[in-house]
Amino acid sequence: MSLKPDTCPQGAPFAIGAAIVAALRADPALDGVVVLDNPVRASALAEGSRIVFFEDQRDTPISNEAQSPKRTYSFAVGVINRTAGPREGAHADYRAAKRVVKASMPAIEQLVRIEGRGLLEGEVHYRLENIDVGGGLVLGMFTLDYREPK
């Protein structure tokens, strides 16, 4: 028996996240914004007057079907704004980032089959515990129901 080539060799969560980060980096509404992909140190959030960061949270099975299980991928998109109007700027940058995430769904549908509830925005936070960002912050939590590629 020969296995067919893996269409998603790094896994669906990596591919979904990479598509979202690429869309954030390419969108004109976020021109001049530093886009970070899963920053590993708090110090990475200290550089730049406008930052958007993407962070994987979890990937949870919904069903255990052998061929193509359903899963829920959770991720966060945050913005930090240190301009003259940091709160206003953070809210505007978050709205732009959220629109980009939603607009990236056709590219993601080329990678995985979106299922169930699709993309949902969950809680939005305005602080990161024990981290002073020196400006405005908006952090949104998202989930995406999908089916693993075969």
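Brief remarks follow.
- Considering region 44-59, the residues that are open to solvent by 60 Å² or more (accessible area, probe 1.4 Å) and in a strand (DSSP E or B) include one that is farthest from R113 (Cα to Cα), namely E55.
- Restricting G85, G89, G116 to those that are open to solvent by less than 20 Å² (accessible area, probe 1.4 Å), without any contact (Cβ under 8 Å) to a residue 60 or more places away in the chain and among the small types (G, A, S) reduces the list to G89.
- Any hit, region 62-72, residues being surrounded by 12 or more Cβ atoms within 10 Å (Cβ to Cβ) and in a helix (DSSP H, G or I): no
- Matching residues in region 119-147 - criterion: being in a loop (DSSP other than H, G, I, E, B) and either surrounded by fewer than 17 Cβ atoms within 10 Å (Cβ to Cβ) or free of Cβ contacts under 8 Å to residues at least 40 places away in the same chain (or both): Y126, R127, E129, N130, D132, G134
- Answer residue from region 23-34, given it is within 15 Å of A103 (Cβ to Cβ) and free of Cβ contacts under 8 Å to residues at least 60 places away in the same chain and is least open to solvent (accessible area, probe 1.4 Å) among those: A26
- Qualifying residues in region 93-113 (those that are in a loop (DSSP other than H, G, I, E, B) and open to solvent by less than 50 Å² (accessible area, probe 1.4 Å)) - the one modelled with the highest pLDDT: S104
- Verdict on F75 being in a strand (DSSP E or B), buried (at least 20 other Cβ atoms within 10 Å of the Cβ) and free of Cβ contacts under 8 Å to residues at least 40 places away in the same chain: no
- Condition met for I80 (in contact with a Pro (Cβ under 9 Å, 6 or more places away or on another chain), open to solvent by 70 Å² or more (accessible area, probe 1.4 Å) and either farther than 20 Å from A18 by Cα or of a type in the set (V, I, T) (or both)): no
The values are calculated or read from the model by the stated rules, or taken from the named source; none is laboratory data. Since the structure is predicted, the reported quantities are computational estimates derived from the model, not experimental observations. Every residue, glycine among them, receives a Cβ derived from its backbone with ideal geometry; neighbour counts consider all protein chains shown. For the accessible areas, the whole protein counts, side chains as well, though only heavy atoms, and no ligand, DNA or RNA atoms are used. Shrake-Rupley method; radii C 1.70, N 1.55, O 1.52, S 1.80 Å.
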